[in-house]
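FYI, it's all coordinate maths here, none of it is from the lab. Predicted, not measured: the structure shown is a model, and the values here were computed from it. No Cβ is skipped: glycine too gets one built from the backbone with ideal geometry, and neighbour counts run over all protein chains shown.
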Amino acid sequence: MHPLFEKSDHLSSTAIAAAVEVHRDKGPGLNESIYEWCLLQEFHLRKIPTITQKQVEISCKGFTKEEPVRFDVLLDDSLLIEAKAVERILPVPKAQLLTYMKLLNIPHRSIDQLQCSQADRWNF
C-alpha cells in the first residue's frame with residue numbers, strides 16, 4: 001500500500017463535502033475555473049494545505065529535468081483533485097489525472113465522478 005493512502009483516503013471525504021458545499025452555494029453551469037477557485041477557498045476555510053503547481057523531476061532515457069506541473073488542486077501533498085464542469089468525464093482527462101498522480105507520487109485510487117443531475121442529486 002502507498003504510504004500516503006490513509007491520509008489521502010481521509011481527505012477524500014472532506015474533499016467531497018467541500019465540493020458539495022461549493023455546488024450548493026454556486027449552483028450548476030459555471031466555468032471550471034470558478035469552481036476551482038471556490039474549492040480552494042473552501043479548503044482554506046477548512047485549514048487544509050493546497051497547491052496548484054509543483055516542480056517534478058522528469059526523466060527520459062537517462063536524462064532528467066525539473067519541470068513545473070500544473071493541476072487544479074493538490075490537498076496536503078496526498079490527494080489530487082481535477083475540477084470538471086462536464087456531464088461525463090472523457091478518457092483523456094482521466095489518463096492525464098493518472099499521469100499526474102504518478103509524477104507526483106501520490107496514491108492511485110478510483111476516480112469518482114461527482115456530478116449534479118437536474119434534480120440536484122449527487123452521484124459518486
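Quick grid of which residues meet (1) out of contact with any His (no Cβ under 9 Å at 6 or more places or on another chain); (2) without any contact (Cβ under 8 Å) to a residue 24 or more places away in the chain:
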{"site": "Ile16", "(1), (2)": "yes, no"}
{"site": "Val22", "(1), (2)": "yes, yes"}
{"site": "Lys26", "(1), (2)": "yes, yes"}
{"site": "Tyr35", "(1), (2)": "no, no"}
{"site": "Gln41", "(1), (2)": "yes, yes"}
{"site": "His44", "(1), (2)": "yes, yes"}
{"site": "Lys47", "(1), (2)": "yes, yes"}
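Within segment 36-81, being closer than 17 Å to Ser8 by Cβ and out of contact with any Leu (no Cβ under 9 Å at 6 or more places or on another chain) holds for Leu39, Arg46.
What do you reckon, is Leu40 touching a helix residue (DSSP H, G or I) at 6+ places or on another chain (Cβ under 9 Å) and of a type outside the set (D, E, K, R)?
Values: touching a helix residue (DSSP H, G or I) at 6+ places or on another chain (Cβ under 9 Å): no; of a type outside the set (D, E, K, R): yes.
In short, no.
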